[in-house]
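Asker: Dumping the structure here so I can ask a few things about it.
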Amino acid sequence: MKRNLLITNAIIDDKKQDILIEKGKIVRVGRISSSSGIHLLDANGKIVLPGFVNIHTHLDKADLISRMKPEEFGGTLEQNRELIKKFKKNYTKKDIKDRAKRVITEMVAMGITAIRTHVDVDPICGLLPMEALLELQEEIDIVELHLVAFPQQGVLSNEKRDLVDKAVSLGANLVGGLPLVEHDRDGWRKHIDLIFDIAAKYNKDIEVQIDESNDPDDFALPLLVEKTLEAKFYGRVTATHVISLSKIEAKEAKEIIAAMKEAGIKVIVTPSANLITRFPNDKKVWGYNSITRIKDLIDAGIEVAIGTDNIRDPFFPFGNGSMIREIHTLIVATRMTTPNDIEEVFKMATINGAKMMGLNYGISEGKKGDMVIFDTDTLIGILNSPEKINYVIKDGEIIYGRDERK
Ligand SMILES: [Zn+2]
């Protein structure tokens, strides 16, 4: 039986308020007097936000760096994909679950209360990672966990396509995609067609990892938009990364963004991983890898959310599960530094991700009791004292407390 919880002196939308949570749900927000039998938690005039939503990560690959040799760090995207294949051959269900659980626990301590993870489904690892993560999804109650069946090696063979189909039939929440693994434009198109077929068959939404480099020729987004409109999958498709959109002509970008809006396509950025990714053809388009046209997308009314992407694996050897780091990286990389911009970026890491996951979320009556109490009273304070989180609350239960950590 869940205790009732009254959080007092919380800063919400710049006002001091109290939050009453009963049976895991918020029942009142305002100035509330305490009554007997209620557990009290004083937020001490500090800011309270709904829990961070890490909308894009790869828990099946998390925390593999201890298996990497020094010379294996810093590879290109292709080299990293080869290295992952090697690691996958030794996967066991326990190994996958242990690593995923470890990283989830870290994410929770960083204020994350919901996670959407891609899970590799391919002929090397088969359905093992999906089976492991489906078990974990059942067992774990400290986060909301959604799974995307991710065809890391493509879908252009019966075996590969059938594996993704099977993963979705087993219970994956979404169908994933990675068209660029298919080598040419015709392959990209077929890949997109096939994942839409599976999504339609099981009535699932789609998240496609697409256009991960600065190269304007590495641009499959128009195919995805076209297919979304043709299949009438309005509002059900998310494009993750879309980096090359930032390198095409402004006029062309405007047109494609308008078509994305018409199709209701949403966008996910993974700031640190986007910036760090290397490509064999990096020399063709000079410059460090970049981030999509965030401002243009927002101005067009497209929903944008943030994920950490990989945590401590060949693709991204760093990470501690902090969304605050990702917010900071995005602000720095895109110069979104006005108070309104900063608020917008925090929204991407919270409300926007929650909407994409379809969560009953936010600090208002009737919503789930998922929130974070920080050790500061402003959003800039959160960025300037990163990882200073006093409490994390999930379904009205305190699941992480700094004092309890000592
Ligand atoms: Zn990813």
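What follows is calculated from the coordinates using simple rules that are stated; it is not laboratory data. Only a predicted model underlies this, so the values are computations on that prediction, with no experimental measurement involved. In this analysis, Cβ positions are derived from the backbone assuming ideal geometry, glycine residues included, and neighbour counts consider all displayed protein chains.
Asker: Residue by residue, what Karplus-based ³J(HN,Hα) values in Hz, rounded to whole numbers, does region 102-111 have, using 6.51, -1.76 and 1.60 with θ = phi - 60° and x for Gly and Pro?
Answerer: 3J(HN,Hα) across region 102-111, in whole Hz: 4, 6, 4, 4, 5, 4, 4, 5, 9, x.
Asker: Using the Karplus curve 6.51 cos²θ - 1.76 cosθ + 1.60 with θ = phi - 60°, what ³J(HN,Hα) values do you get for each residue of region 332-348, in whole Hz, with x for Gly and Pro?
Answerer: Once θ is set to phi - 60°, the couplings for region 332-348 become 5, 5, 10, 6, 8, 10, 6, x, 5, 4, 4, 4, 4, 5, 4, 4, 4 Hz.
Asker: May I pose another question? Amide H of Glu303 versus every other amide H placed in the peptide plane: which residues, excluding those fewer than 5 positions away on the same chain, fall under 5 Å?
Answerer: Excluding prolines and chain starts, which carry no amide H, the hits are Val267.
Asker: Compare the peptides 69-81, 207-219 by average per-residue count of other Cβ atoms within 10 angstrom and give them in order, highest first. List each step's numbers first, then the result.
Answerer: Numbers: 69-81: 13.2, 207-219: 22.2.
Most protected by this proxy first, the peptides run 207-219, 69-81.
Asker: Next up: If R0 is 60 Å, what FRET efficiency do you get for Lys85 and Ile38 from their C-beta distance, rounded to 0.05?
Answerer: Numbers: r = 54 Å, r/R0 = 0.90.
FRET efficiency, Lys85 to Ile38: 0.65.
Asker: 5 Å is the cut-off here: which amide hydrogens, built 1.01 Å from N in the peptide plane, fall below it relative to Thr238, excluding neighbours closer than 5 in sequence?
Answerer: Ile206, Glu207, Val208, Lys266
Asker: Next question. Filter the trypsin sites (Lys or Arg not before Pro) in region 238-316 to those in DSSP coil with at most 12 other Cβ atoms within 10 Å of their Cβ, and list the result. Mind showing how you got there, number by number?
Answerer: On the way: sites: Lys247, Lys251, Lys254, Lys261, Lys266, Arg278, Lys283, Lys284, Arg293, Lys295, Arg312; in loops: Arg278, Lys283, Lys284, Arg293, Arg312.
Hits after loop and neighbour filter: Lys283.
Asker: Here is a follow-up. Rank the residues Ile393, Ile294, Ile398 as a footprinting-exposure proxy: fewest other Cβ atoms within 10 Å of their Cβ go first.
Answerer: Working: Ile393 27, Ile294 23, Ile398 16.
By the 10 Å Cβ count, ascending: Ile398, Ile294, Ile393.
Asker: Mind scanning Lys204/Lys388; Lys61/Lys266; Lys15/Lys61 and naming the pairs with a C-alpha gap bigger than 32 Å? All intermediate terms of the calculation are to be shown ahead of the outcome.
Answerer: Numbers: Lys204/Lys388 37 Å; Lys61/Lys266 25 Å; Lys15/Lys61 41 Å.
Where the Cα-Cα span goes over 32 Å, the pairs concerned are Lys204/Lys388; Lys15/Lys61.
Asker: Could you state the number of Å between the C-alpha centres of region 350-405 and region 61-127?
Answerer: Region 61-127 and region 350-405 have Cα centres spaced 26 Å from each other.
Asker: Could you give each residue of region 250-259 its phi-based ³J(HN,Hα) in whole Hz, using Karplus coefficients 6.51, -1.76, 1.60 with θ = phi - 60°, and x for Gly or Pro?
Answerer: 4, 5, 5, 4, 4, 5, 5, 5, 5, 5
Asker: Can you list residues whose amide H is under 5 Å from Arg116's amide H, if they're 5+ apart or on another chain and H is modeled 1.01 Å from N?
Answerer: Sorted by chain and number, the residues that satisfy this are Asn54, Ile55, His56, Thr57, His146.
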